[in-house]
Amino acid sequence: SKLALCLDQTDVFSIDPKWKLFINSHAAAFYDIDDGHRKAQGHPGAAIVSSVLSLAQDHSIEQLLHAIAIGYEVAVREALVFRNFGGPRKGSGGWVAPGVAASIGILIGLNAEQMQHAIALAEYSSPQATQDRSVEFPSMMKEGVPFACVSGAKCAELALAGMTSMKPFLQDSKFANDLGDNWEITNTYFKDYACCRWAHPVLDCFKTTIVSQLGFDIKTVNQIKVLSFDKATLLHKRRPETIMEAVYSIPFSIGCFVVFGNVDPVTIAKPGTLSHPTIMEIADKVQIIEDPELTKEFPLKCLERLILEFEDGSRYQSGILSAKGDPQNPYSVKELEEKFLRITAPVMGDRNKEIIQLLDVGSDLKKLTASNIIDILNHTEFP
């Protein structure tokens, strides 16, 4: 699958704006390399950033960032509100629609009363997006992110047109008490691998220790045991048949990293990767086992332990593993820029550097507009 970026100025796409939201957010979420939030247990950015960028051409970068920040605050808190109701856990699409409505509401100039209506309408019309079933049976539905984008944007427009709503659940919730004091956007994590976050602690261990220091020869390994929290045991598929099944597979992700040294979108999408014999050989030796102590720490912490059992009877056992990228162990700005350049180079080439230069720390974000970014994208010859 190629990166889809659907903007007004392109000649390639001439479609309804809602389909822009759908396509862009689906592309952002597809490879699971987008940011996430521990308490929300999902991905606000794929929906909110995509929606804002799709509709913010005439707004300044400062306004764009303002809309994104507000969207994150609403979305993350709505996730906690919905989870507090009980019932099946909702994936990102089940709680991010009100955040999209708030972001779009900022851009189209909703007043306070209209914003309340937009958020409540989006609460009411949010997709069910059951998370555990979506993880257990991966598909292009993912977590319902693109459906939530379209729903949230429509709710903002309905509020602007005068449609009223119930009082938002968020307005009465304890989860809104610290609005303006604690910014949840600062509590997001970033990812370096194109797979579910639940695979990242062991991948970091393979990167920093197993491959780089100990060396790794699959022929000498009997078993690879991943001790994790209960939900991670859903990511057990050893023979993924689709890209979506691959990004939701810990065994495949381990094999992919060992063979290629990365788990990137281009690598996963390359013909032959899903059926690579060495990846399958490694995946066959992976066991995912629940550790009740680690389950107690989830979702606020995503922790794992790794045990390698070798043919000669020896074993390697890690300590408690936590992936880099969490707010407590963040990537540097340079590392995030390197990630952006790496994953966009196959579709943008060197033009991706122009976006980083445009948004340099010294830039005047009040004078720059989203169209400055879009112009770079529109003058890129996508393969």
Per-region count, segment 45-77, residues touching a Ser or Thr at 6+ places or on another chain (Cβ under 7 Å) and not in a helix (DSSP H, G or I): 4
Would a scan of segment 33-54 turn up a residue that is at pLDDT below 90 and either assigned by TED's automatic domain parsing to the domain that holds ALA153 or closer than 19 Å to SER173 by Cβ (or both)? yes
Select from segment 311-333 the residues that are modelled with pLDDT of 95 or more, surrounded by fewer than 17 Cβ atoms within 10 Å (Cβ to Cβ) and among the hydrophobic types (A, V, I, L, M, F, W, C) and list them in ascending order. ILE320
Considering only segment 334-370, state which residues are small (Gly, Ala, Ser) and surrounded by 13 or more Cβ atoms within 10 Å (Cβ to Cβ). ALA345, GLY349, SER363, ALA370
Based on this model, can you work out whether PHE175 counts as under 23 Å from HIS66 (Cα atoms) and either of a type outside the set (Ser, Thr, Tyr) or over 18 Å from the mean Cα position of the chain (by Cα) (or both)? yes
Working carefully through the options PRO346, PRO330, find the one that is under 30 Å from LYS301 (Cα atoms) and of a type outside the set (A, V, I, L, M). PRO330
Looking only at segment 335-354, which residues are closer than 13 Å to ASP192 by Cα and basic (Lys, Arg)? LYS339, ARG342
Take residues that are touching a Pro at 6+ places or on another chain (Cβ under 7 Å) and not assigned by TED's automatic domain parsing to the domain that holds THR295 and tell me which of the helices (runs of 4 or more DSSP H) falling wholly in segment 136-239 contain 3 or more. 145-160
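Here's the yes/no breakdown for (1) closer than 28 Å to MET141 by Cα; (2) of a type outside the set (Val, Ile, Thr); (3) without any contact (Cβ under 8 Å) to a residue 24 or more places away in the chain:
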residue: CYS195; (1), (2), (3): yes, yes, no
residue: CYS205; (1), (2), (3): no, yes, no
residue: ASN222; (1), (2), (3): no, yes, no
residue: LEU235; (1), (2), (3): yes, yes, no
residue: ARG239; (1), (2), (3): yes, yes, no
residue: SER249; (1), (2), (3): yes, yes, no
residue: ASN262; (1), (2), (3): yes, yes, no
residue: VAL286; (1), (2), (3): yes, no, no
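Kindly indicate whether any position in segment 154-172 is of a type in the set (Asp, Glu) and loosely packed, with under 14 Cβ neighbours inside 10 Å. Outline the logic, then answer.
Residues of segment 154-172 that are of a type in the set (Asp, Glu), as a first pass: 157, 172.
Right, trim to loosely packed, with under 14 Cβ neighbours inside 10 Å and you get 172.
Within segment 154-172, one or more residues are of a type in the set (Asp, Glu) and loosely packed, with under 14 Cβ neighbours inside 10 Å.
The values are calculated or read from the model by the stated rules, or taken from the named source; none is laboratory data. This structure is a prediction, so every number in the text was calculated from the model and none was measured. Glycine gets a Cβ as well: all are built from the backbone with ideal geometry, and neighbour counts include every protein chain shown.
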